[in-house]
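Undergrad: Dropping a structure here in structure tokens format, bear with me for questions.
Derivation of every value follows stated rules applied to the coordinates shown; laboratory data play no part. None of these values were measured; they are calculated from a predicted model. Quick reminder, even Gly has a Cβ in these numbers, built from the backbone with ideal geometry, and neighbours come from all protein chains shown.
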Amino acid sequence: MMYSRSNVLFERAQQLIPGGVNSPVRAFKSVGGTPVFMRSAQGAHLFDVDGNRYIDYINSWGPMILGHAYEPVVKAIQEYATYSTSFGAPTELEIKIAELIVSMVPNIDMVRMVNSGTEACMSALRLARGYTGRNRFIKFEGNYHGHADAFLVSAGSGVATLEIQSVPGVTKTVAEDTLTAPYNNLPAVEQLVAAHPEQIAAIIVEPVAGNMGCIPPQPGFLEGLRQLCDDNGILLIFDEVMTGFRLARGGAQELFGIRADLVTFGKIIGGGMPVGAFAGPKEIMEHIAPAGKIYQAGTLSGNPIAMIAGYTLLKTLQENPVIYQQLEEKKNYLVNGLREALGAAGVIHQINHLGSMMSVHFTEYPIIDFTAASGANNELFKRFFHAMLERGVYLPPSAFESWFISHALTRADLDFTIAAAKAAIKAVKNS
Ligand SMILES: *Cc1c(COP(=O)(O)O)cnc(C)c1O
């Protein structure tokens with residue numbers, strides 16, 4: 001493939017934008033090479049500025065669950081743009097999306113819309129602290145909750161990809177209130193709770209981890225966290241920025257039948273526009289300003305264009321639950337095909353998957369936490385990534401990211417991907 005225009009654009013971008021990108025993982029740093037600049041996309045296919053076509057397994061890191069340029073969303077945005085792109089005053093649309101979210105997601109009465117997953121997690125943590133009157137919280141190694149200071153301790157996603165263990169600019173005092181435990185390790189969490197009686201406001205967790213590859217919770221892990229929170233007056237926050245509206249209409253809470261005290265959303269909730277949200281029972285949520293004293297605000301929060309995009313996508317998901325079954329079928333077909341392709345080439349690997357999330361790790365050990373994910377052969381992943389890109393398959397440019405299956409993927413796309421994987425792994429082994 002030719003990447004001449006992407007190469008030129010990356011040169012220009014690096015002069016003007018730190019690292020040439022507006023979010024680190026896009027820069028291909030961990031896999032090397034030049035990031036591909038996109039021009040357009042339709043359904044499951046991306047088209048770059050050099051005219052190359054790719055089958056997309058990033059899907060804007062999740063939002064494009066029904067594929068790119070999904071027509072009802074595009075039409076809705078076009079219509080609402082003519083009514084003004086922002087008011088800074090309430091609109092009926094904000095009530096409609098809140099009603100829709102409350103009808104889809106278990107255990108919530110109220111929602112506050114924000115502009116990103118980062119804002120959602122940051123605000124939910126503030127709420128948990130204000131509500132409990134406690135400062136500390138527990139997060140898991142390799143989980144990612146956006147880039148607010150408190151969460152940049154043992155974080156996944158780009159922080160893991162770039163191997164930034166402690167982030168300059170995050171003060172020691174802030175980091176001291178962040179306690180960390182290995183994912184899927186309930187005894188470690190129990191020890192932290194026991195060592196800090198009545199100091200812990202919240203436990204925040206990705207109910208299915210998606211920022212160190214895809215790592216499902218071990219049986220009993222989430223149940224154990226729920227119990228621990230109940231026993232110790234701690235709020236359980238499910239960070240469903242990735243899993244919300246993806247694993248099921250009601251996210252991980254619905255899939256696993258476990259109640260969270262607060263839930264955060266992003267990605268799918270905005271239908272491809274910059275949106276996040278946090279939600280919970282009325283009794284907790286009414287502590288948020290102006291109902292309560294815990295301050296949280298946003299000039300563009302509840303933006304009408306973003307709301308109609310999110311509303312249109314969520315409504316489709318609500319009305320067509322068969323989508324989730326079909327997503328799972330597509331994912332299973334791909335997982336089986338990849339296992340066969342990698343197995344036939346004699347390449348030791350693990351494929352973790354749940355619902356429409358999956359990831360491939362080159363190791364013989366099960367990937368259940370960040371230590372295991374880091375121990376895989378990420379050098380091989382890097383070469384596999386490039387061999388796939390070269391063959392028209394766009395995978396996340398890091399072994400620490402989940403692949404996302406979109407509903408727009410056809411059997412032909414999946415077969416193309418499996419054939420590409422067969423050729424790619426052969427090329428990589430022979431190089
Ligand atoms: C993407 C992500 C975030 C951050 O969302 P942004 O919109 O990128 O700020 C937070 N939590 C999880 C689980 C995520 O996957």
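Undergrad: Need one number: nm distance between label points at Met2 and Leu162, each 7 Å from Cα along Cα→Cβ, rounded to one decimal.
TA: 3.3
Undergrad: Using a Cα-Cα cut-off of under 17 Å, which lysines could be cross-linked to Lys426, ignoring same-chain neighbours fewer than 8 residues away?
TA: The qualifying lysines are Lys382.
Undergrad: For Glu329 and His287 in one chain, what is 0.36 nm times their gap in residues minus the Cα-Cα distance, to one decimal in nm?
TA: Using 0.36 nm per residue and subtracting the Cα-Cα distance, I get 10.9 nm.
Undergrad: Moving on. In what order do Thr417, Thr264 fall by count of nearby beta-carbon atoms within 10 Å, going from fewest to most?
TA: Ascending number of Cβ neighbours within 10 Å: Thr417, Thr264.
Undergrad: Could you check the simple spin-label distance between Glu379 and Gln318, using points 7 Å along Cα→Cβ, in nm with one decimal?
TA: 5.2
Undergrad: Points 7 angstrom from Cα along the Cβ direction at Ser431 and Val74: gap in nanometres?
TA: It is 3.4 nm.
Undergrad: Something else now. How large is the Kirkwood hydrodynamic radius of the chain, in angstrom, based on all distinct alpha carbon pairs?
TA: 22.1
Undergrad: Something else about it: Can you sort His353, His287, His145 from fewest to most other Cβ atoms within 10 Å of each residue's own Cβ?
TA: Final ranking by Cβ density, sparse to dense: His287, His353, His145.
Undergrad: Sticking with this structure for a sec: Relative contact order for the range 309-431 using alpha-carbon pairs under 8 Å, separation at least 6, rounded to a whole percent?
TA: This gives 28 percent for the range 309-431.
Undergrad: Tell me whether the range 321-431 comes out rounded, prolate or oblate; compute the Cα gyration tensor, take square roots of the eigenvalues as a ≥ b ≥ c, and use a/c under 1.5 as the rounded threshold.
TA: It is oblate, given that a/c is not under 1.5 and a/b is not larger than b/c.
Undergrad: How much net charge surrounds Ile288 when only the other residues with a Cβ under 15 Å from the Cβ of Ile288 are counted, with Lys and Arg +1 and Asp and Glu -1?
TA: -1
Undergrad: Please report how far the C-alpha centroid of the range 361-431 lies from that of the range 1-77, rounded to the nearest whole angstrom.
TA: Their Cα centres are 18 Å away from one another.
Undergrad: Next question, about the same structure. Which order do Val208, Val174 fall in if you start with the one that has the fewest other Cβ atoms within 10 Å?
TA: Ranking Val208, Val174 by Cβ neighbours within 10 Å, fewest first, gives Val174, Val208.
Undergrad: Same structure again: Could you tell me the relative contact order of the chain? Use alpha-carbon pairs under 8 Å, at least six residues apart, and round to a whole percent.
TA: For the chain, the relative contact order is 22 percent.
Undergrad: Given C-alpha coordinates of the range 71-319, what is the ratio Rg to Rh with the Kirkwood estimate of Rh?
TA: Radius of gyration over Kirkwood radius for the range 71-319 works out to 0.97.
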